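**Student:** I have a structure here, written as structure tokens, and I will follow up with some questions on it.
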Amino acid sequence: MLAACSLADPVPVLAGSNNIARMGGSKSLQLTYHPFDAKLVHPFTVSGNTRTMTPIVLTEISYDGVTGYGEASMPPYLGETQASVMAFLGCVNLKQFNNPFELEDILSYVDKIAINNTAAKASVDIALHDLVGKLVGKPWHILWGYTAAKAPVTTFTIGIDTETVVREKTLEAASFKVLKVKIGVDEVTDKMMINTVRSVTDKPIRVDANQGWKDKNYALSMIEWLSERNVEFVEQPMPKHSIDDMAWLTEHSPLPTIADESCQRLADIPRLKGVFDGINIKLMKCTGMREASKMITLAEAYGMKRMIGCMTETSCAVSAAAQLAPQMDYADLDGNLLIANDCFSGMKLVDGKITLNDEAGIGVRRL
Ligand code: MG
């Protein structure tokens, strides 16, 4: 079906297809998309809200008999839905472009269609990168000149839960060299989380407070406590708009601080210099691989640490993010492991380390 372009009042549609260039021949760009409900291996609890699935939209861009795959993943708290993503994609008119290699112009056009909608934009960006990589016959980490062996280990995330569940999850994560532990609730819960993990293992921990600490002095006292327990850094300790308090905290903190909610896109980075020690780049926040690669360069120029993260995503979007991993100091790419019905194979973990294959594009196969 041909999706109508209406962003004002998105309505659910089952699937869509548009942008069939009418310039003749097989060398035309065609975007298709359909919703996909990713079922979670374990129910996932955030702020008292438990969910068993994550809504996803899968995209394909075909050109000259070659197909690139993409994905938009929408955790409910980010505001995008399958309906809003498909409404956005219905407005993407690729027929005005007849050369898929013009990534800058095509993706700049997509970005200007509407503000926000970053996951929807990422689904076009990833499919286009996969297509172009396949047309060239090379994976993106090679096209970018990255050294695959430099890709870091990934963390596995332990969510906020009861002592029993946290202990079980920590034991299950035995093959991971580093753990990411969610905290940011209150002092009793936060210390229970860390002490429970520590009752099982001494391996390094990275913590994510998800904006949970509201007072800078309290945040500093928690970070000092964490720094004595083999914790490597603290992600988003304070609310995203607490810039002055955050700058004070980073100045006094014995551990590096990493911006997640405070850092969505390339344009956010300049004001975060001196406020955080590093940034967490996620394709669904920053509109995709093109902007993510620019964020790496800018953060590097500012002397800031780089981390690559993800949402709950299939191996499609996770493998796209993994193409950038060799240029990262830290990685948190475990989103595909949380999905019971992953419909792609791609990046693999070997002893917890991100291991890229030599396949063209983003290195995925549809299962
Ligand atoms: Mg985070």
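The values are calculated or read from the model by the stated rules, or taken from the named source; none is laboratory data. In this text the structure is predicted, and so the values were computed from the model without any measurement. Positions of Cβ are generated from backbone atoms using ideal geometry, with glycine treated the same way; all protein chains shown enter the neighbour counts.
**Student:** Given the structure, is residue 125 charged (D, E, K, R), crowded, with 24+ Cβ neighbours inside 10 Å and modelled with pLDDT of 95 or more?
**Tutor:** yes
**Student:** All but one of (1) of a type in the set (A, V, I, L, M, F, W, C); (2) at pLDDT below 95; (3) not in a helix (DSSP H, G or I) hold for residue 213; which doesn't?
**Tutor:** So residue 213 meets the others, but not (2).
**Student:** Working only within the stretch 289-309, note down all residues that are touching a residue at least 40 places away in the same chain (Cβ under 8 Å), buried (at least 23 other Cβ atoms within 10 Å of the Cβ) and within 16 Å of the ligand (Cβ to nearest atom).
**Tutor:** The answer is 307, 309.
**Student:** While we're on this one: I want to confirm something. Restricting to the stretch 266-288 and keeping residues that are more than 24 Å from residue 128 (Cβ to Cβ) and of a type outside the set (A, V, I, L, M, F, W, C), which single residue is surrounded by the most Cβ atoms within 10 Å (Cβ to Cβ)?
**Tutor:** Filtering the stretch 266-288 for residues that are more than 24 Å from residue 128 (Cβ to Cβ) and of a type outside the set (A, V, I, L, M, F, W, C), the one surrounded by the most Cβ atoms within 10 Å (Cβ to Cβ) comes out as 278.
**Student:** Looking at the structure I just gave you, is residue 319 in the same structural domain as residue 181 (by TED's automatic domain parsing), closer than 27 Å to residue 59 by Cβ and surrounded by fewer than 23 Cβ atoms within 10 Å (Cβ to Cβ)?
**Tutor:** No; evaluated as a whole, the condition is false for this residue.
**Student:** Another question, then. Scanning for something at pLDDT below 95, under 14 Å from the mean Cα position of the chain (by Cα) and hydroxyl-bearing (Ser, Thr, Tyr), does the stretch 318-329 turn up at least one residue?
**Tutor:** no
**Student:** Which one is surrounded by the most Cβ atoms within 10 Å (Cβ to Cβ), of the residues in the stretch 220-238 that are within 16 Å of the ligand (Cβ to nearest atom) and charged (D, E, K, R)?
**Tutor:** Checking each candidate, the answer is 235.
**Student:** So which residues in the stretch 242-252 are under 17 Å from residue 280 (Cβ atoms) and either surrounded by fewer than 17 Cβ atoms within 10 Å (Cβ to Cβ) or in contact with a Gly (Cβ under 7 Å, 6 or more places away or on another chain) (or both)?
**Tutor:** 243
**Student:** Say whether the condition of being touching a His at 6+ places or on another chain (Cβ under 7 Å) and farther than 27 Å from residue 53 by Cα is met by at least one residue in the stretch 315-331.
**Tutor:** yes
**Student:** If I ask for residues that are within 16 Å of the ligand (Cβ to nearest atom) and without any contact (Cβ under 8 Å) to a residue 12 or more places away in the chain, which ones from the stretch 187-219 would you list?
**Tutor:** Within the stretch 187-219, no residue meets the criteria.
**Student:** It is to be established whether one or more residues within the stretch 106-127 are in a strand (DSSP E or B) and of a type in the set (S, T, N, Q).
**Tutor:** no
**Student:** Of all residues in the stretch 171-186, which are buried (at least 22 other Cβ atoms within 10 Å of the Cβ) and more than 16 Å from the ligand (Cβ to nearest atom)?
**Tutor:** 173, 176 - these are the residues of the stretch 171-186 that are buried (at least 22 other Cβ atoms within 10 Å of the Cβ) and more than 16 Å from the ligand (Cβ to nearest atom).
**Student:** For the stretch 328-359, what are the residues that are of a type in the set (Asp, Glu) and either closer than 25 Å to residue 43 by Cα or not in a loop (DSSP other than H, G, I, E, B) (or both)?
**Tutor:** The answer is 332, 334, 342.
**Student:** Given the criteria of a type outside the set (Gly, Ala, Ser), in a strand (DSSP E or B), within 12 Å of the chain's Cα centre (by Cα) and not assigned by TED's automatic domain parsing to the domain that holds residue 76, does residue 307 qualify?
**Tutor:** It is true that residue 307 is of a type outside the set (Gly, Ala, Ser), in a strand (DSSP E or B), within 12 Å of the chain's Cα centre (by Cα) and not assigned by TED's automatic domain parsing to the domain that holds residue 76.
**Student:** Quick one: how many residues across the stretch 239-255 are within 16 Å of the ligand (Cβ to nearest atom) and either under 20 Å from the mean Cα position of the chain (by Cα) or among the charged types (D, E, K, R) (or both)?
**Tutor:** Summing the residues that are within 16 Å of the ligand (Cβ to nearest atom) and either under 20 Å from the mean Cα position of the chain (by Cα) or among the charged types (D, E, K, R) (or both) in the stretch 239-255 gives 2.
**Student:** Identify all residues within the stretch 54-79 that are acidic (Asp, Glu) and surrounded by fewer than 23 Cβ atoms within 10 Å (Cβ to Cβ); write none if there are none.
**Tutor:** The answer is 60, 64.
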